[in-house]
Structures are given as C-alpha cells and as structure tokens.
Amino acid sequence: MSNRLKVTPNDLNAFWMPFTANRQFKQAPRMLAAAKDMHYTATDGRKILDGTAGLWCVNAGHCRPKITEAIQHQAAELDYAPAFQMGHPIVFELSNRLIDIAPEGMEHVFYTNSGSESVDTALKMAIAYHRARGDGSRTRLIGRERGYHGVNFGGISVGGIVNNRKMFGTLLTGVDHLPHTHLPAKNAFTRGVPEHGAELADELERIVALHDASTIAAVIVEPVAGSTGVLIPPKGYLQRLREICTKHGILLIFDEVITGFGRLGTPFAADYFGVKPDIITTAKGVSNGVIPMGAVFVTKQIHDAFMTGPEHLIEFFHGYTYSGNPIACAAALGTLDTYKEEGLLTRGAELAPHFEEALHSLKGEPHVIDIRNIGMVGAIELEPIAGSPSKRAFQAFVKAFEKGALIRTTGDIIALSPPLIITKGQIDELIDHVREVLRAVD
Ligand SMILES: Cc1ncc(COP(=O)(O)O)c(C=O)c1O
C-alpha cells in the first residue's frame with residue numbers, strides 16, 4: 001500500500017460522490033486503501049471482508065494477478081486504438097471468448113463502458129432493429145416497477161425506482177411498466193425461486209392489449225432484480241414473459257449486469273432459468289470491475305438485420321470512444337482466464353447451499369422480516385423504523401463496516417453478493433457479522 005493512500009486528505013469537499021449521502025460520509029469517511037482476494041484494507045489498516053464483490057462486480061476477488069499483469073502488459077503495448085473504423089486484435093479475441101461462454105444463440109457482442117451504457121445501447125438496438133426490418137412503428141419499451149437499469153435516460157425510463165426517476169423530468173416517452181414481482185405476504189423466507197407470482201407476467205398481455213403489439217419494440221427485465229433489493233422471479237415467470245414476447249414479435253432483453261458471469265452459479269441467468277432472451281446486457285463481472293467495460297450480446301437475427309445496404313456505410317450509428325478499449329479488453333481476458341482456471345462461473349452452484357443455510361440462520365434475529373436467496377445473492381429485509389425508512393439498514397451498513405464487513409443496503413434491505421472465491425468459513429464469518437450488527441442496531 002503506498003503511503004499516499006494511507007492518509008485521509010483533510011479536505012473532502014471537492015469530490016461530489018455518486019449515490020452517496022455526501023454530508024454524512026464527509027463527517028465520518030469510510031475509506032478503502034487496498035484490496036486482496038476477499039478483503040479490503042481500510043485506511044486505518046483494518047481488514048474488511050468484502051460481502052458485496054465491490055458493487056456486485058469483483059466476482060474473481062481483488063487484485064488477481066492474471067488481471068493485473070494483463071493490464072500492465074497492455075498499457076505498455078497498445079494503450080488506445082480508435083474504436084470507429086479501426087480495430088485491434090484483442091477486441092476480436094475477447095469477442096470470440098465471450099461468445100464461447102454466452103448463452104446459446106448469442107453470436108455477436110457490442111462494447112460499452114458500463115451497465116448504464118449497455119442498457120441504453122440495447123434499447124436503441126431494439127428500436128433500430130425493428131426499423132431496419134421495415135417495422136418502424138415498434139418503438140415502445142416496456143420495463144418493470146422496481147427495475148434498475150442504470151442511470152442514463154433510457155435506463156431510468158424503463159427502470160422503476162422512484163428516487164432514480166422523480167427528479168429528472170418526463171424521461172423517455174412511450175414507456176410502460178410491468179408490475180414488480182415482490183410478494184412478501186406469500187413468498188417471505190423462500191429459499192431459491194418463489195412459488196407464487198408467475199401470473200404477473202400475464203400483465204404483459206394487458207399492456208399489449210392497451211398499446212397493440214405493433215407499437216412495442218422490447219421488454220427489458222433483470223432476470224433477478226439486484227439493486228432494488230434482490231427480487232427473485234417467481235417459478236415460471238421468465239418463461240411466461242418469453243412466450244408472450246415471442247407470440248407478439250417483441251424482443252426480450254435480459255439485463256444481466258449483476259447476474260452475468262457466474263453470480264447464480266451458472267455463467268448467465270439465462271442459463272440458470274433456461275430462457276433465451278434476444279439481447280443480454282452485461283458489464284461489471286466482464287472485467288471483474290477492474291477497468292470499466294460493458295458488453296451487449298445479441299442473436300444473429302438481430303445483428304444480421306443491420307447488415308444490409310451499401311457495404312461502405314456504417315450500419316449502426318452508435319458507439320463510444322472507449323468501446324472495446326484495449327486495456328479494458330486485456331482486463332476482460334485476464335478475468336476470463338481467472339474464471340476458467342478457478343471454475344468461478346459455476347463455483348456459485350457449489351457454494352449456494354451453504355450460503356442459503358447460513359443466510360436463513362438469521363431468521364428470528366431482531367428486525368428481520370424476510371430472507372431470500374438465489375445462487376450467490378442473498379437479501380435480508382428489515383422492518384423499517386417507523387417514520388425513518390432506510391435508517392435501520394444504513395445503521396447496519398455503517399456498523400458492519402466498523403466491525404470489518406462490507407455489506408450493501410437498499411432501503412431497508414441488506415444485500416449480499418460476495419466474490420465467487422469466498423470460502424465456506426468466510427461465508428459463516430460474513431453472516432456472523434450481519435447477525436452481530438442486527439443485534440446492535442436500533
Ligand atoms: C441490472 C443493472 N443494470 C445496469 C446497471 C448500471 O450499471 P453501471 O453502474 O455500470 O452503469 C446496474 C448497476 O448496478 C445493474 O444492476
């Protein structure tokens with residue numbers, strides 16, 4: 001750890017922190033200075049067990065040698081290459097490697113720099129795909145209540161988290177929302193996929209009846225909603241959505257920014273549920289969170305619909321200066337090597353039963369009103385303090401950090417999504433931290 005990082009600067013004012021209670025933070029900063037495998041090191045030298053894979057992204061754990069070396073090597077060899085009308089070898093190599101592990105039917109990949117950009121890319125692709133086929137009236141986008149699809153205008157329009165939407169005007173037009181699938185009265189304390197609620201997918205038929213299928217381009221959902229507090233799809237729900245989309249010629253987009261790259265114990269959630277979407281958005285785990293990168297997977301049918309017209313003309317007027325950036329590609333290749341060597345894209349399946357047991361052992365602890373889990377994602381929902389929603393979980397987050405564990409909270413829900421290298425002993429340790437803070441909060 002360099003000396004510079006050990007010291008907390010005495011003026012924290014200039015940095016306006018994202019998705020942060022800035023004033024609270026700056027009074028009592030929580031600073032991370034270093035990381036290795038399952039742990040962060042705080043600036044005061046304390047080891048912090050990472051219960052959240054950073055922000056759901058560090059699936060292979062921290063500062064892994066293959067990734068570090070790949071980045072160092074690439075930075076010295078080819079630092080940047082223009083993304084438009086030019087290529088470089090490793091972006092093609094990476095694309096083939098990604099398609100090898102992507103769910104069947106995904107044959108092409110388009111690069112972005114984040115989940116938010118992947119989502120907006122996918123939404124634009126869906127609308128442009130229909131238009132390229134001469135079906136240009138299909139422009140509506142259907143999202144879902146409580147959905148999180150990043151923070152760009154497309155993503156917050158199809159998203160369904162009120163605080164992410166209400167300050168930002170009228171958003172995109174022509175968007176409708178499915179109901180969310182959170183049914184605590186029926187499904188509380190379910191282990192794995194909940195029994196009740198598949199019929200909520202039929203709401204898509206109601207939306208189609210209202211707008212007519214000929215106006216709808218795509219439905220976008222997270223197979224498992226993460227950032228809104230871990231909402232697991234009811235048994236049969238995603239299959240039903242797929243059927244209805246297919247019946248009406250509507251594209252189905254899975255936002256796998258969190259579920260992609262082994263989080264559920266399969267490479268992607270599409271594999272876990274056995275449902276084939278038309279487009280998959282990813283980011284985070286594609287490069288282990290180390291260098292910003294996103295990747296959008298599409299079927300041949302979607303890609304080929306654009307490959308018409310004169311060959312010297314650009315087919316899709318979209319892309320980013322850093323799409324397929326060489327250093328990001330190197331990080332992703334180092335990440336894929338690490339996943340492969342250590343079996344991390346499926347390791348979650350081996351750990352999940354232990355994780356489930358440990359999580360559900362928190363039933364009966366103070367404030368706990370629901371526990372839910374799937375693969376290596378878990379949530380503990382707390383009874384809110386009357387009149388102060390989110391306060392109890394936030395207290396738990398702060399106390400957990402003080403005691404040596406990084407957990408994540410959304411509203412009054414604690415979400416856990418540790419790196420996939422976690423050991424069973426570390427799972428127990430993480431849950432013990434949570435138990436301790438639950439007993440300590442107001
Ligand atoms: C499902 C989903 N989509 C999109 C995003 C946005 O990703 P980013 O923060 O990289 O823009 C997230 C981030 O958590 C996410 O969970």
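Residue 327 passes every criterion in (1) out of contact with any helix residue (DSSP H, G or I) (no Cβ under 6 Å at 6 or more places or on another chain); (2) more than 26 Å from residue 227 (Cβ to Cβ) apart from (1). The residues listed here are 347, 392, 408; of these, the one that is over 22 Å from residue 271 (Cβ atoms) and out of contact with any Asp or Glu (no Cβ under 9 Å at 6 or more places or on another chain) is 408.
Restricting attention to segment 294-307, does a residue exist that is surrounded by 15 or more Cβ atoms within 10 Å (Cβ to Cβ) and over 24 Å from the mean Cα position of the chain (by Cα)? Break it down stepwise before answering.
First pass over segment 294-307, keeping only residues surrounded by 15 or more Cβ atoms within 10 Å (Cβ to Cβ): 294-299, 302-303, 305-306.
Then drop every residue that is not over 24 Å from the mean Cα position of the chain (by Cα), which leaves 305-306.
Within segment 294-307, one or more residues are surrounded by 15 or more Cβ atoms within 10 Å (Cβ to Cβ) and over 24 Å from the mean Cα position of the chain (by Cα).
The set of residues from segment 153-184 being part of a loop (DSSP other than H, G, I, E, B), of a type in the set (S, T, N, Q) and in contact with a strand residue (DSSP E or B) (Cβ under 8 Å, 6 or more places away or on another chain) comprises just one member, 181.
Regarding segment 61-81, can at least one residue be identified that is closer than 18 Å to residue 324 by Cα and within 16 Å of the ligand (Cβ to nearest atom)? No.
Could you grab me the full set of residues in segment 165-195 that are more than 23 Å from residue 252 (Cβ to Cβ), without any contact (Cβ under 8 Å) to a residue 24 or more places away in the chain and of a type outside the set (D, E, K, R)? Matches in segment 165-195: 167, 168, 169, 170, 185. Looking across segment 114-152, the residues that are assigned to a loop (DSSP other than H, G, I, E, B) and either on the phi > 0 side of the Ramachandran plot or within 11 Å of the ligand (Cβ to nearest atom) (or both) come down to 114, 134, 146, 147, 148, 149, 150, 151, 152. Examine segment 237-249 for a residue that is acidic (Asp, Glu) and closer than 21 Å to residue 302 by Cα, and state whether such a residue exists. Within segment 237-249, one or more residues are acidic (Asp, Glu) and closer than 21 Å to residue 302 by Cα. Across segment 249-270, not a single residue is classified as assigned to a helix (DSSP H, G or I) and either assigned by TED's automatic domain parsing to the domain that holds residue 407 or not hydrophobic (A, V, I, L, M, F, W, C) (or both).
Scanning segment 211-226 for residues that are within 16 Å of the ligand (Cβ to nearest atom) and touching a Gly at 6+ places or on another chain (Cβ under 9 Å), we see that the one that is farthest from residue 293 (Cα to Cα) is 219. Residue 253 satisfies every condition listed in (1) over 16 Å from residue 101 (Cβ atoms); (2) surrounded by fewer than 24 Cβ atoms within 10 Å (Cβ to Cβ); (3) within 18 Å of the chain's Cα centre (by Cα) except (2).
Of all residues in segment 30-52, those that are at positive phi and surrounded by fewer than 19 Cβ atoms within 10 Å (Cβ to Cβ) have Cβ atoms under 8 Å from Cβ atoms of residues that are assigned to a loop (DSSP other than H, G, I, E, B) and among the small types (Gly, Ala, Ser), 6 or more apart or on another chain, in 37/61.
Yes or no, residue by residue, for (1) more than 13 Å from residue 345 (Cα to Cα); (2) within 12 Å of the ligand (Cβ to nearest atom):
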{"residue": "241", "(1), (2)": "yes, no"}
{"residue": "248", "(1), (2)": "yes, no"}
{"residue": "259", "(1), (2)": "no, yes"}
{"residue": "271", "(1), (2)": "no, no"}
{"residue": "274", "(1), (2)": "yes, no"}
{"residue": "278", "(1), (2)": "yes, no"}
{"residue": "283", "(1), (2)": "yes, yes"}
{"residue": "290", "(1), (2)": "yes, no"}
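So, restricting to strands (runs of 3 or more DSSP E) that lie completely within segment 343-442, which ones have at least 3 residues that are in contact (Cβ under 8 Å) with a residue 24 or more places away in the chain and not assigned by TED's automatic domain parsing to the domain that holds residue 185?
Per the criteria, 368-374, 377-382, 413-416.
Scanning for something more than 23 Å from the chain's Cα centre (by Cα), over 30 Å from residue 70 (Cβ atoms) and surrounded by fewer than 17 Cβ atoms within 10 Å (Cβ to Cβ), does segment 316-333 turn up at least one residue? Scanning segment 316-333, I find at least one residue that is more than 23 Å from the chain's Cα centre (by Cα), over 30 Å from residue 70 (Cβ atoms) and surrounded by fewer than 17 Cβ atoms within 10 Å (Cβ to Cβ), so the answer is yes.
The values are calculated or read from the model by the stated rules, or taken from the named source; none is laboratory data. Values in this document were obtained by computation on a predicted structure and should not be read as measured data. Backbone-built Cβ (ideal geometry, glycine too); neighbour counts: all protein chains shown.
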